[in-house]
Ligand SMILES: *Cc1c(COP(=O)(O)O)cnc(C)c1O
């Protein structure tokens, strides 16, 4: 029996018996999506809670014994503790939430965005995976996650005076993060050897409790490995192609091995994007060697029981390894499978580019009969670009289906709104969250109150941004112009547009800067000013993205904008929450059809932050004429799109926002906020998404398997 020993993480000080349950609570990310859970830690020591950036393990470890003893005698704290502990244990022991239980699902992804105390994510793909685990936990689905520990994973964004993005590596301190070592029967850190790779690579295994779902992480940064191999999992999406291949072998094949060695049984394999697709080969091998199937039967069964989710709208954006690299890594492997080299390679060859090598997306599409894109529009695009790879659609089953992404509502809904729904609908709202009726309570909130909630969030955001700059100024003595460009002059009374996402060319972060004179007029209008807040990282290797960022940062420094353009450093999940709740308008203007889905606009809308977006990704499904704004042509034209954007801001958005009744409330604006909250939240909740995965894939696969 292999189990994890949580005590390794909390050595000093000792938790008094009365509050021993804090150990369990802090080692389960459940608290991250439960306001009372978060609040419990804050109550314990508000200063340290902030100082440790909301990491309960780091906080408990740095508290004194005396302080903990005092907490266990504090009536107010103990009342809250008992409530939270009871809620938590009830949640953990609640066995049957989702009635149509499918067979167990193993979910593989290269990154997970769960909370900033576990920085193993880069962006959208990770947050989707994180939300899927959280929702599966809430629904009681039998899921287990596999991913990577990136010891050097997190690159903090630091922007120089010249606006150039520099990275600062921020290693994870594994012993002060809410993660645990998995131990083997000798109480040693459980380690696997990745099968068939020569020279061998080892990976040790960590686990993160995501409510009732367990996420296992592979870590190659261990002494047993050569220095070169220790680096395999050090960084997310390395651009070193050899290292990238080894990373994907460890994730796919090593990850599958972890499940087998831990004795975790599962019947459905779900691959989120091509990075972990090698797991499919390991699955074939296991069906042959342990299940006694022939190669053909094993391949057929893998196809039948595996789900592949693609996220790219471009063939060029997929991982391709040349045949020499694949041969060097896999020559023993295909022999073990009883395959010829040609047969093995054929799974990953793109018929359009046969000599290019082994394509991970083509491989996923070939080896999984259950394929999905991540929005309706993306499904058309993906079906199109892969038409030469996809088989013919069957009557009830298209070759490429879609499950539009959704977001985990308890994670992304602001605290004040959560409180309102808890009291007006009751705590069982989570069971009903994908129905429109659940959200009709929004229409009962008075305009005045909703306005106050949104203005409060804006004040919190502005304070947060200023505080960060103040700390940076105090520490580094930055140039005051830089401090201004980072947001110290932001004004909570001004209509605020937010643009926060990866600084990549296709997302056109600087579209709104196209006609700078026109923008200046919009921003500096004396009676009805506008401010814009930008945030987002460029990929470290993306020079074009860094140049766009620099352009924005320099524009923010220009005195003519009076500090009403700001760039907030180091976009991550925490900054995102402040911006999503705090700005009035969430801008999204990718080149159509490059955004497969996008999820931040959903998070904004459910908080009443209005989405202003080109009709790409999820927005053609989400936009109903009342709940935000749409613009932009396909194919995209920068000049025309920017003009359409300015027109909307000048003619619709600014007047609507500043047209207030005699108590200062913009009635029509609030109508739009309500329309956004009531229409977007149920339809783009992670609950709806998981129900789609269940009905399109997990349940049919389970029924098929149980028939046999
Ligand atoms: C939701 C989220 C994303 C993904 O959103 P997009 O709309 O795809 O950009 C990226 N980063 C953070 C921090 C998020 O919360």
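How many residues, within the stretch 577-615, are assigned to a loop (DSSP other than H, G, I, E, B) and within 11 Å of the ligand (Cβ to nearest atom)? Don't jump to the end; show me each part of the working.
So the first thing to find is which residues in the stretch 577-615 are assigned to a loop (DSSP other than H, G, I, E, B), and the list is 583-584, 589-599, 607-609, 615.
Filter once more, keeping what is within 11 Å of the ligand (Cβ to nearest atom): 590, 595-599.
Summing the residues that are assigned to a loop (DSSP other than H, G, I, E, B) and within 11 Å of the ligand (Cβ to nearest atom) in the stretch 577-615 gives 6.
Against the condition touching a helix residue (DSSP H, G or I) at 6+ places or on another chain (Cβ under 7 Å) and modelled with pLDDT under 95, how does residue 632 come out, does it pass? Give the derivation first.
Details: touching a helix residue (DSSP H, G or I) at 6+ places or on another chain (Cβ under 7 Å): yes; modelled with pLDDT under 95: yes.
Answer is yes for this residue.
Conditions (1) in contact with a helix residue (DSSP H, G or I) (Cβ under 9 Å, 6 or more places away or on another chain); (2) over 22 Å from residue 124 (Cβ atoms); (3) not in a helix (DSSP H, G or I), marked per residue:
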{"residue": "624", "(1), (2), (3)": "yes, yes, yes"}
{"residue": "640", "(1), (2), (3)": "no, yes, no"}
{"residue": "646", "(1), (2), (3)": "yes, yes, no"}
{"residue": "649", "(1), (2), (3)": "yes, yes, no"}
{"residue": "654", "(1), (2), (3)": "yes, yes, no"}
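Could you please let me know if residue 567 is assigned to a strand (DSSP E or B), touching a helix residue (DSSP H, G or I) at 6+ places or on another chain (Cβ under 8 Å) and assigned by TED's automatic domain parsing to the domain that holds residue 608? So that I can check it myself, show each step before the final result.
On the way: assigned to a strand (DSSP E or B): yes; touching a helix residue (DSSP H, G or I) at 6+ places or on another chain (Cβ under 8 Å): yes; assigned by TED's automatic domain parsing to the domain that holds residue 608: yes.
So residue 567 fits the description; yes.
Scan the stretch 62-84 and tell me whether some residue there is at pLDDT 95 or above and either within 14 Å of the ligand (Cβ to nearest atom) or under 29 Å from the mean Cα position of the chain (by Cα) (or both).
So far as the stretch 62-84 goes, yes, one or more of its residues are at pLDDT 95 or above and either within 14 Å of the ligand (Cβ to nearest atom) or under 29 Å from the mean Cα position of the chain (by Cα) (or both).
Mind counting the residues in the stretch 406-438 that are within 16 Å of the ligand (Cβ to nearest atom) and assigned to a helix (DSSP H, G or I)? Break it down stepwise before answering.
Taking the stretch 406-438 first, the residues within 16 Å of the ligand (Cβ to nearest atom) are 406-414.
Add one more test, that the residue is assigned to a helix (DSSP H, G or I), and what stays is 409-412.
Here the count works out to 4.
For the stretch 217-230, enumerate the residues that are touching a residue at least 24 places away in the same chain (Cβ under 8 Å) and either surrounded by fewer than 22 Cβ atoms within 10 Å (Cβ to Cβ) or not assigned by TED's automatic domain parsing to the domain that holds residue 257 (or both).
To start, the set of residues in the stretch 217-230 that are touching a residue at least 24 places away in the same chain (Cβ under 8 Å) comprises 217-222, 224-226, 229.
Within the stretch 217-230, 221, 222, 224, 225, 226 qualify.
Given the residues 320, 307, which is the only one that is in contact (Cβ under 8 Å) with a residue 40 or more places away in the chain and touching a helix residue (DSSP H, G or I) at 6+ places or on another chain (Cβ under 7 Å)? Steps first, please.
On the way: 320 fails: touching a helix residue (DSSP H, G or I) at 6+ places or on another chain (Cβ under 7 Å).
Exactly one residue qualifies, and that residue is 307.
Consider residue 651 carefully, then state whether it is away from the ligand (no atom under 16 Å from the Cβ) and at pLDDT 95 or above.
Numbers: away from the ligand (no atom under 16 Å from the Cβ): yes; at pLDDT 95 or above: yes.
Judged against the criteria, residue 651 is a match.
Among the residues of the stretch 421-472, write down those that are without any contact (Cβ under 8 Å) to a residue 12 or more places away in the chain and under 22 Å from residue 583 (Cα atoms).
446, 449, 452, 463, 467 - these are the residues of the stretch 421-472 that are without any contact (Cβ under 8 Å) to a residue 12 or more places away in the chain and under 22 Å from residue 583 (Cα atoms).
In the stretch 99-116, is there at least one residue being assigned by TED's automatic domain parsing to the domain that holds residue 275, closer than 20 Å to residue 697 by Cβ, in contact with a helix residue (DSSP H, G or I) (Cβ under 9 Å, 6 or more places away or on another chain) and within 16 Å of the ligand (Cβ to nearest atom)?
Yes; the residues of the stretch 99-116 include at least one that is assigned by TED's automatic domain parsing to the domain that holds residue 275, closer than 20 Å to residue 697 by Cβ, in contact with a helix residue (DSSP H, G or I) (Cβ under 9 Å, 6 or more places away or on another chain) and within 16 Å of the ligand (Cβ to nearest atom).
Please tell me if residue 662 is away from the ligand (no atom under 16 Å from the Cβ) and not assigned by TED's automatic domain parsing to the domain that holds residue 317. First the steps, then the outcome.
On the way: away from the ligand (no atom under 16 Å from the Cβ): yes; not assigned by TED's automatic domain parsing to the domain that holds residue 317: yes.
For residue 662, the condition - away from the ligand (no atom under 16 Å from the Cβ) and not assigned by TED's automatic domain parsing to the domain that holds residue 317 - is met.
Out of 59, 63, I need the residue that is within 27 Å of residue 182 (Cβ to Cβ), surrounded by fewer than 21 Cβ atoms within 10 Å (Cβ to Cβ), in contact with a helix residue (DSSP H, G or I) (Cβ under 9 Å, 6 or more places away or on another chain) and without any contact (Cβ under 8 Å) to a residue 60 or more places away in the chain. Which one?
Just a single option satisfies the conditions, and that option is 63.
The values are calculated or read from the model by the stated rules, or taken from the named source; none is laboratory data. Since we're looking at a predicted model, the values are computed, not measured. Note: ideal-geometry Cβ built from the backbone for every residue, glycine included; neighbour counts use all protein chains shown.
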